[in-house]
Each structure stands twice: as structure tokens, then as C-alpha cells.
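Trainee: Questions regarding the structure given below will be posed in turn.
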Amino acid sequence: MNRIDKLFQNKKESILSIYFTAGFPQLEDTLPVMEAIEAAGADIIEIGVPYSDPIADGPTIQESNNVALKNGMTLHLLFEQLKNLREKISIPVILMGYLNPVVQYGMEAFCKKCKEVGVDGLILPDLPMQQYLTEYKSLFDAYDLRNTFLISPQTSETRIRQIDQNTDGFIYMVSSASITGAKKAVSPEQIAYFERVKAMGLTNPRLIGFGISDKASFNTAAAHSHGAIIGSAFIHVLRDSKDLKKDIYHYIQSIIA
């Protein structure tokens, strides 16, 4: 069974997914960061594939992309770094990135490589659903990769139900109509959106991302979904760390303990 499916089958609430950019803060930090994330108690690892124009991302993740690219990170190198990942990592691993680098790599070659190294799913925010269904879904299925679509407060009910019908794994609920970035609090408008989607009775589990940064915002998100995704706040931890293993452990424990 795909590890993402297994996780959501076995754990129904307070799932924590941690996002970081591959090759950040240093080029060879990718696997050590992943090991530290799992050791600290997170449930899912999302690896950001660096891209020169990450339009959905705020300044923190944009800067981590720039640093990773300057460090020399590429998709080819990332797969090389991940080749022994399943000797060290047991939790689900998702690659998140933009369509352009994946298409340049070759979609089938990319999916095949994901399967080889043990990647469980993909989040490609700029992949149009129709293109996914007509061109890529059969490939994703062939290589046992779960595909996650994003919804936002502006997404219509019709579109949400269409996404639910064509998603496997989970639905990524973008918490607000803004770019990524750590926020201080969850607004009443966001709560109303979380409740509206929850009341739709969707088939797929939902994780809330964008603006989740601490225990309070994580608990609020988790109360209205199956869990949450933390990205920018975690990138801050990596950026400022003098001891990655220790600082990652303390940060993740501050969320879930």
C-alpha cells in the first residue's frame, strides 16, 4: 500500500507535514534534514524542488529556492541524494514543485525515478487538472504516485468536488488567498472557510497549509481538518540553525508535544 494511503488509514487527526526546500541551507543537507524531521515526530515530509520563479511562494521560500539553486541543486542531483532514502526514512515523502522542471526532466522519467527512490506523492500547484487527467494520471497510477491538488477560499464548491473526485492521497487546503508565509493567527474568515469545506463531507482527507507556524495555529487547523502543513516557519528554523538536528527536533516537538 502507498505510504500516504496507509498513514491516513491509520491516523485520522493532527497529521503534521513538514515542507523544506531541497539543498537548503546547504547542498548536502537534504537527507539529514529529512532524517531529523522523522526523528522529531512529523508524519509527512514534503520536499520542495527549487525553481527560479516560485510564484505561489512568499519571500521565505523564494529565498530558500534561490539559495538552493545557487548551491547547485537540480532535479538530477536531488534524485541522486534520495537514492538511499528508504534505508533511512519510513514516513511518506512528497515532492512539491512547479511543472516546468518536471516537464524538462521528462514526466515519465520523473515518475519512474520517484518510484525508484521511494517518493510516494506529488504536489504540482500549476498542473492543470485537465492536463493531469488526459496526459499524466495513467503515469502517476502506473508508478503508484498520489497526486494532490490545492483548493483555496476562492475555490467554488463545484471545483472542490471535482478536485475531490480526481484526487488521491489528500487535498491541500490553502488557508488564505495569499502567498505562503508564516502568519501569527488564524482569522475568523479562515475558520469559516475551514468549516464550509468540512461540511461538504469530502472523500479525501484535508491538510491545511500556508500560514501555519506554531502550536496554536497547528491545533486550530487540525481541529478543522486532518492536520496541517508547515513550510515557511520551518525554513526559518533551518536558516537560523547552528545545530540542524537539535533545532529541528525542538521546533517540531514544540508543535506536537
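Trainee: State the number of residues belonging to the range 144-164 that are farther than 16 Å from Leu124 by Cα and hydroxyl-bearing (Ser, Thr, Tyr).
Mentor: 3
Trainee: Tally the residues that are surrounded by fewer than 24 Cβ atoms within 10 Å (Cβ to Cβ) and not polar (S, T, N, Q), restricting the search to the range 21-32.
Mentor: Count: 6.
Trainee: Then there's this: Out of the residues in the range 113-129 meeting the condition of being in a helix (DSSP H, G or I) and of a type in the set (A, V, I, L, M, F, W, C), tell me which one is nearest to the chain's Cα centre (by Cα). Steps first, answer last, please.
Mentor: Of the range 113-129, the ones in a helix (DSSP H, G or I) are 113-117, 129.
This time we only want the ones that are of a type in the set (A, V, I, L, M, F, W, C), so: 114, 117, 129.
Values: Cys114: 15, Val117: 17, Met129: 18 Å.
The extreme case among them is Cys114.
Trainee: Could you run through the range 49-107 and say how many residues are open to solvent by less than 20 Å² (accessible area, probe 1.4 Å), within 15 Å of Ile235 (Cα to Cα) and part of a helix (DSSP H, G or I)?
Mentor: 4
Trainee: Six or more apart or on different chains, Cβ under 7 Å: which pairs go from a residue in the range 175-194 that's aromatic (Phe, Trp, Tyr) to one that's modelled with pLDDT of 75 or more? Could you list them?
Mentor: That search, which allows pairs on different chains as well, returns Tyr193/Pro153; Phe194/Ile208; Phe194/His224; Phe194/Ser225.
Trainee: Name the pairs whose Cβ atoms lie under 7 Å apart, with the first residue in the range 233-250 and over 22 Å from Asn66 (Cβ atoms), the second open to solvent by less than 40 Å² (accessible area, probe 1.4 Å), and 6 or more positions between them or separate chains?
Mentor: Lys245/Ala36; Tyr249/Ala36; Tyr249/Ala40
Trainee: Within the range 185-217, which residues are in a helix (DSSP H, G or I), open to solvent by less than 20 Å² (accessible area, probe 1.4 Å) and modelled with pLDDT of 95 or more?
Mentor: Hit for the range 185-217 is Val197, nothing else.
Trainee: Quick check: is even one residue across the range 142-155 of a type in the set (Gly, Ala, Ser), surrounded by fewer than 17 Cβ atoms within 10 Å (Cβ to Cβ), at pLDDT below 95 and under 16 Å from Phe194 (Cα atoms)? Please lay out each step first, then the result.
Mentor: Filtering the range 142-155 for residues of a type in the set (Gly, Ala, Ser) gives 142, 152.
Now narrow it down to the ones that are surrounded by fewer than 17 Cβ atoms within 10 Å (Cβ to Cβ): 142, 152.
Filter once more, keeping what is at pLDDT below 95: 152.
When the remaining residues are screened for being under 16 Å from Phe194 (Cα atoms), the result is 152.
Checking the range 142-155: at least one residue is of a type in the set (Gly, Ala, Ser), surrounded by fewer than 17 Cβ atoms within 10 Å (Cβ to Cβ), at pLDDT below 95 and under 16 Å from Phe194 (Cα atoms).
The values are calculated or read from the model by the stated rules, or taken from the named source; none is laboratory data. Quick caveat, the model's predicted, so the values are computed rather than measured. When we count neighbours, we look across all protein chains shown, and the Cβ atoms used for this are built from the backbone with ideal geometry, even at glycine. Side chains included, ligands, DNA and RNA excluded: accessible areas come from the protein's heavy atoms. Shrake-Rupley method; radii C 1.70, N 1.55, O 1.52, S 1.80 Å.
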